[in-house]
Amino acid sequence: MFRQRLLVIVVLSLLVAGSTIASREQAAQPARLKVLISVDMEGVAGVVTSEQLGPTGFEYGRFREFMTREALAAVEGARAAGATEIVVADAHGNGQNLLIEQFPDDVRVIRSWPRKLSMVAGVDEGVDALVFIGYHAGSNNPAGVRAHTFSSATLTRVALNGHFGVPVVMIAGDDAAIAEVRRAVGEIEAAETKRSLGFHSANTLTPQAAAAEIRRRVEAGLRGRQRFSPYRVGGPVTVDVSFKNYMPAEVLTYLPLFERTDSHSIRFSAADMAQASAIMAFITGYSPDITP
Ligand SMILES: [Zn+2]
């Protein structure tokens, strides 16, 4: 996701000690296997600056192709592992990046915003496993991730996913994103599309090499899905949000739901991860002149 206006950091603190412990309660493998593939763009091979990430960038058109190629590789890997139903969520920028005509006819694609479950929209509809493609670590991620506290939007998504009892089985993205998610959920399958050399630089695979690796790792992740458990977060949860600008924090605090924690930051409490996600979707999606 690439939000120019608002969201910078999400820090989620868990109130219930021990609530991050995932529970193993997957039963025997069902014949039916529904897979949700959530596709962001920052972690796609070759992406290093905004030139690739949005419609005003001179390389965006080509990189939509590469993003789509990585998503298609994930679809192929899922198919090879026996997926019977595949949903792909376009989870970057305006949510309208993937070239939908390139997908097989039995794949459904979730597009545009806002949507209550954000980047994992659809995860509440009987999904058996989740795959992250094109993911990246939080840019303001504090170095030390303490027990029962984690940060970055990616981990928030992983936790939300666990709320619905769905394990993440594979992630594709840069080395930092993979390390971050593995710290939280364990050694899931991963395709490293590039190694970060800095905020705007990377040592990258080619798009075709990345696609081949993704296909292989998605298949392996899904075949071995019994090894992975949903990353459950018990409620209530406290969410801290810092904005790039001052005004969102000021105006949101007019509502009793939000507490101001510093000039650019607010805090709210939610009953569970699904409610926290819906409130986050509101914070990042609302403005008085939204249309229609
Ligand atoms: Zn993005």
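Only one of the listed residues (Val168, Val145, Val158, Val181) is among the aliphatic types (A, V, I, L, M), modelled with pLDDT of 90 or more and within 26 Å of Ile283 (Cβ to Cβ). That residue is Val168. Can you tell me how many residues within the stretch 100-134 are of a type in the set (Asp, Glu) and within 16 Å of the ligand (Cβ to nearest atom)? Residues flagged as of a type in the set (Asp, Glu) and within 16 Å of the ligand (Cβ to nearest atom) within the stretch 100-134 amount to 0. All conditions in (1) touching a strand residue (DSSP E or B) at 6+ places or on another chain (Cβ under 8 Å); (2) of a type in the set (Val, Ile, Thr); (3) over 20 Å from Gly186 (Cα atoms) hold for Ile214, with the sole exception of (3).
Test Leu12 against the stated conditions and say whether it is crowded, with 21+ Cβ neighbours inside 10 Å, modelled with pLDDT of 85 or more, away from the ligand (no atom under 12 Å from the Cβ) and under 21 Å from the mean Cα position of the chain (by Cα).
No: the conditions fail for Leu12.
Within the stretch 202-218, being closer than 21 Å to Thr49 by Cβ and crowded, with 19+ Cβ neighbours inside 10 Å holds for Ala202, Thr204, Leu205, Pro207, Ala210.
Scanning the stretch 252-292 for residues that are among the polar types (S, T, N, Q), within 20 Å of Tyr231 (Cβ to Cβ) and open to solvent by 50 Å² or more (accessible area, probe 1.4 Å) yields a total of 1.
Arg32 passes every criterion in (1) open to solvent by 10 Å² or more (accessible area, probe 1.4 Å); (2) free of Cβ contacts under 8 Å to residues at least 40 places away in the same chain; (3) not in a strand (DSSP E or B) apart from (2). When the residues of the stretch 55-99 are narrowed to those that are open to solvent by 10 Å² or more (accessible area, probe 1.4 Å) and at pLDDT below 95, which ends up farthest from the ligand (Cβ to nearest atom)? For the stretch 55-99, the residue satisfying everything is Asn94.
Taking the criterion of being of a type in the set (D, E, K, R) and at pLDDT below 90, no residue of the stretch 247-266 qualifies.
Kindly indicate the residue of the stretch 39-53 that is polar (S, T, N, Q) and at pLDDT below 95 and also nearest to the ligand (Cβ to nearest atom) among those meeting that condition.
So, considering only residues that are polar (S, T, N, Q) and at pLDDT below 95, the one nearest to the ligand (Cβ to nearest atom) is Ser50.
Scanning the stretch 162-201 for residues that are within 20 Å of Arg64 (Cα to Cα), open to solvent by less than 30 Å² (accessible area, probe 1.4 Å) and among the small types (Gly, Ala, Ser) yields Ala172, Gly173, Ala191.
Looking for whichever is closer than 30 Å to Ala80 by Cα and assigned to a loop (DSSP other than H, G, I, E, B) here; the options are Ser287, Ser229. Which one fits?
Testing whether each residue is closer than 30 Å to Ala80 by Cα and assigned to a loop (DSSP other than H, G, I, E, B) leaves just Ser229.
The values are calculated or read from the model by the stated rules, or taken from the named source; none is laboratory data. The structure presented is a predicted model; accordingly, all values stated were derived computationally and were not measured. Backbone-built Cβ (ideal geometry, glycine too); neighbour counts: all protein chains shown. The area values use the complete protein model at the heavy-atom level, side chains included, leaving out ligands, DNA and RNA. Shrake-Rupley method; radii C 1.70, N 1.55, O 1.52, S 1.80 Å.
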